[in-house]
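These notes are about the structure you will find just below.
What follows is calculated from the coordinates using simple rules that are stated; it is not laboratory data. Everything quoted here is computed from the prediction, not taken from an experiment. Reconstructed Cβ throughout: ideal geometry from the backbone, glycine too, with neighbour counts over all protein chains shown.
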Amino acid sequence: MPPPLRVAWVGDADEPQAGELERVLERGVLIHFFDAHILVGCPSGAGARLDALGIAGLLDAVLATSGGCLEGWPELRRLLHAMEPEVSKEAHVREGCFGRLRRKLTEPHGHSGHSLFRKFRFALSLFSLFHILAIIGSAKDVYLEKFGADATIMGLLFSVISFWSPLTECLVGHLQDREVLKRCFPVERWGRRAPFLATHCVIAAVAASAVYMPPSNATGPLEVWFVLVLMLSYWGASSCVIAFEAARQEIYPFKEERIVVEGLCKYTMMMGGGCGAIPVLVLMADASMLHRLLFVFYILLFGLVSLEAVPIFRDAKAAPLPEVPSEGQEVQSSTGEAGGVLQILCEVMPRCGCCRRKDQRPPKMAFRHLMAVKFWNGAYGASIGSTLFYYVTYVLRLGGWERMQVIVGGGLLAGVTEVTLNWIYMRVFSAGDVRLDMTGKKDRKLLRYVVFSRFFNAIATFGIIGWAEPSIFMVFLWAVTTRFGLASFSFWRVSAQCWLVDEDCIFGEVPGRRRQGVIFGALAMTQNFAGAVFSSLTFLGLGLAGLQTVNCEDQCKHLSTKQIVDSTGAVGECIETCFLGVIAMQPDSLRWYVRAVIGFWAPLCELFVAFHAWKFPIKGARLRRLYAGISQSRGEEINLTLEDAGAPHTGKSKIVLSVEATKSNNSNKMRRQNTDGEGLLWRLAHTTALVDSWPGAKSLSVLFDINEAAPLDMRRSHRSTAHSAGEGETSVDLSKQVSDWAGIIPSTRISL
């Protein structure tokens, strides 16, 4: 009796429940080893209970075994749903809508084996991040309007903080690739990205909760507190961003799952940003000490929600290694020097070096165009974000709760539009399998739609904000049109930057080099650097255009007899009157400046984004080659022609016959192996008979893996490079032996 297969699982959330393995055995599935070949056997009559998809899922799970352990319990759990017997169909009919919804959310799907609920947990890593960014992003406005900070000093300090964020991006990316926290958080258990999310999310949440509690409102301590708290918050947020981007690229290998995750991330980002906007809106209307104390606990609580994604981040342990390097090749591993951001910049713009070499390599245009996209997109976002609040306040002349109602109304319209379009785009852009799209039609459709949308948004923004008469209705209209123009862009952006990292890892100068953190850090640094430059220039332009601020709460403090100003009654009327006077005293040059930034400069940035997105070179045949490389690095094979792309296929099925060989010594003292041809034929006949007993159409590939069957020194002969005459002779001998093996076990594909 062959030894049974020992089943293991990964992750606390994936532990099998009591009785699940017994349920598998009750359904007639026996998993065991047979002469180093994993077989799937069914008792008599049990084969009719299994469909082709269930067998494919079982074989994929079995192929992941190593040393008798089945890694990846989600693959086996997916088999439980695929192997439902015929008698259970009535139970599915009687199952309620909540049961079907639960099964839909918890059923693993895609190459990662993650269910939709597990992907949503991964997307929760951005909830706290955008909650914190919403808090600290509007801190300067609260400091100016409510705390009476000097506009010139705050403009200079905000410029310093804006340039601090790009610096943290490149530093954090390099530190993550070097795995500097592996002593406290072993990579085998925690992965490469989970330690940074677990630690820096706490840092950012604590710092953000204290941003509106300065120790003093006096000039000096107020500005120092502002700088220290925001720098600490940006450090934690930047680390979480890089960890998220790198983990998504490592866990989800293909565009479909990345688009689904991006769509879920949009929902979590909107929820996090909405939760972060509540304290800002309330404090802009009433920044009393009581409200600020309550919001300390509020900000801290929602700032720690992203810790729910830490167990999912543990799956990001290593990027795929398509090739084992030769002994003479120096490879920069993930724990070694992965190269910094300066190296990325030299690859993008080699002519910027101090001295040019004769063997100077051409610039990497994919890096260059994607960095340009990130740069101009950062300039667009910073220009809009820095002036939109002032547009509602000083151009529309709104203040207090009336201003808050307009902002909330526009945000709700934009949110509803974004939610609707996001659901549609998720279903459209994630449909099918891009590996089977040999013509690249789906990728071209995504690119063309994104470019057209950005061009449309530029024209609409110019007409609504820059040309039309300002009004509340036009603001609401712009909130809707801008979502139509921007909602689809993030799907292409995420796909493009992941393609860039995949190509660098698989087809880069050093194949297998894992520098996701450095690349994502360089891209984020480019966007944040552009945002810092244009945000600082825009903010300084407000002062040059004539912006004047007054601390109205301090002016009306004498009307309150309490220690804590409650902003009600006479005090509230005084503050409202004071602020309306501040709005009225602003010059017309300030209003024209705000309209010019949003209505003229921002559309120009969008046109640059559309141009560089269209010129991004990873598309067409180059992208098809990348998909093939990713599939090969994961042990998958796609050998389809244009005619086969549309042929029906009932799930991916693969059986690998690994030959157990015997060793003997020849006259040259070289190892030689013999195979049991009769046993091999018996195993093949058993497998084909097993598959033939299943009803319905089937597509099965039986692969003979020569590399696994050959000795270790023979496998190395495929990849080794001769550096001397002696080594060259050895390589020839080993190649001959591999040829002998090829004669015994041909590389054959059998379709059943």
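Ordering F244, F507 from the fewest to the most neighbouring beta carbons within 10 Å gives F507, F244. State whether segment 165-229 is rounded, prolate or oblate according to the following rule on the C-alpha gyration tensor (a ≥ b ≥ c being the square roots of its eigenvalues): a/c under 1.5 gives rounded; otherwise a/b larger than b/c gives prolate, and the remaining case gives oblate. In terms of gyration-tensor shape, prolate.
What order do you get for S288, S125 when you list them from fewest to most C-beta neighbours inside 10 Å?
Numbers: S288 20, S125 28.
Lowest to highest Cβ neighbour count: S288, S125.
Taking other Cβ atoms within 10 Å as a rough exposure proxy, T538, T152, T526 sort from fewest to most as T152, T538, T526.
3J(HN,Hα) couplings calculated from phi for segment 179-185 with the Karplus curve 6.51 cos²θ - 1.76 cosθ + 1.60 (θ = phi - 60°) are, in sequence order, 6, 6, 9, 5, 5, 8, 10 Hz; Gly and Pro show x. Residue by residue, segment 187-201 carries 3J(HN,Hα) couplings of 5, 4, 9, 9, x, 9, 10, 4, x, 6, 5, 5, 8, 7, 5 Hz when phi is fed to the Karplus relation 6.51 cos²θ - 1.76 cosθ + 1.60 (θ = phi - 60°); x denotes Gly or Pro.
At a 10 angstrom cut-off on C-beta neighbours, averaged per residue, how do the peptides 415-424, 270-279 rank from highest to lowest? Show your work: numbers first, answer last.
Values: 415-424: 15.7, 270-279: 20.7.
Taking the mean over residues of other Cβ atoms within 10 Å, the ranking is 270-279, 415-424.
Classify segment 161-203 from the C-alpha gyration tensor, please: rounded if a/c falls under 1.5, else prolate or oblate depending on whether a/b exceeds b/c. Prolate, since a/c reaches 1.5 and a/b exceeds b/c.
How charged is the neighbourhood of M154? Take every other residue with its Cβ under 14 Å from the Cβ of M154, and add Lys/Arg as +1 and Asp/Glu as -1.
On the way: positive: K140, K146; negative: D141, E145, D150, E223.
Net charge around M154: -2.
Which of rounded, prolate or oblate describes segment 409-519 when judged by the alpha-carbon gyration tensor and an a/c cut-off of 1.5? Taking the square roots of the gyration eigenvalues as a ≥ b ≥ c, segment 409-519 is prolate.
Could you state the number of Å between the C-alpha centres of segment 229-297 and segment 93-159? Segment 93-159 and segment 229-297 have Cα centres spaced 4 Å from each other.
A522: net charge of surrounding residues, Cβ under 12 Å, Lys/Arg +1, Asp/Glu -1, itself excluded? Before the final figure, lay out each step's value.
Details: positive: K364, R368, K374, R515; negative: E169, D177, E245, E347, D504.
Net local charge, A522 excluded: -1.
With a sphere of radius 14 Å drawn around the Cβ of P587, what net charge do the other residues whose Cβ falls strictly inside it have (Lys, Arg +1; Asp, Glu -1)?
Details: positive: R397, R591, R595; negative: D588.
That sum, taken over residues with Cβ under 14 Å, equals +2.
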